[in-house]
Amino acid sequence: MTRNIDIKSDEQVNRIHRLACEAPYEVWLSTDTVMLDARSLLGLYALVGQQAKVVTEDGLDPKMVSRLVEQMS
């Protein structure tokens with residue numbers, strides 16, 4: 001399952017990292033050129049100012065994933 005997100009600030013990076021670490025499932029961020037684990041703080045900083053897709057495993061409740069992405073925004 002994928003959802004788009006604009007990564008705009010360092011504060012948002014920290015929030016994304018915290019939420020990904022708390023999630024009981026894998027969360028990745030993907031752009032046209034890279035796909036990284038959302039638990040990688042260093043990798044997340046490379047995405048500031050870009051749009052990325054939040055990618056999770058299939059079979060998760062879409063409402064739960066939507067809430068996660070809303071909290072990340």
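Regarding residue 20, is this residue small (Gly, Ala, Ser), surrounded by 16 or more Cβ atoms within 10 Å (Cβ to Cβ), part of a strand (DSSP E or B) and in contact with a strand residue (DSSP E or B) (Cβ under 9 Å, 6 or more places away or on another chain)? Taking the combined requirement at face value, the residue does not satisfy it. Looking at region 42-73 only, could you name the residues that are more than 14 Å from residue 22 (Cα to Cα) and without any contact (Cβ under 8 Å) to a residue 40 or more places away in the chain? Result: 42, 43, 44, 45, 46, 59, 61, 63, 70.
Identify, from the list 55, 27, 65, 69, the residue that is surrounded by 13 or more Cβ atoms within 10 Å (Cβ to Cβ) and touching a Phe, Trp or Tyr at 6+ places or on another chain (Cβ under 6 Å).
Testing whether each residue is surrounded by 13 or more Cβ atoms within 10 Å (Cβ to Cβ) and touching a Phe, Trp or Tyr at 6+ places or on another chain (Cβ under 6 Å) leaves just 55.
Checking each residue in region 7-31 for being closer than 24 Å to residue 59 by Cα and either out of contact with any Asp or Glu (no Cβ under 9 Å at 6 or more places or on another chain) or modelled with pLDDT under 90 (or both) picks out 16, 17, 18, 19, 21, 22, 23, 24, 30, 31. Among the residues examined, residue 51 qualifies as among the polar types (S, T, N, Q), touching a strand residue (DSSP E or B) at 6+ places or on another chain (Cβ under 7 Å) and not in a loop (DSSP other than H, G, I, E, B).
Scanning region 45-56 for residues that are more than 9 Å from residue 27 (Cβ to Cβ) and not aliphatic (A, V, I, L, M) yields 45, 49, 50, 51, 53.
The values are calculated or read from the model by the stated rules, or taken from the named source; none is laboratory data. The structure displayed is predicted, hence computed values, not measured ones. Cβ atoms come from the backbone with ideal geometry, glycine included; neighbour counts cover every protein chain shown.
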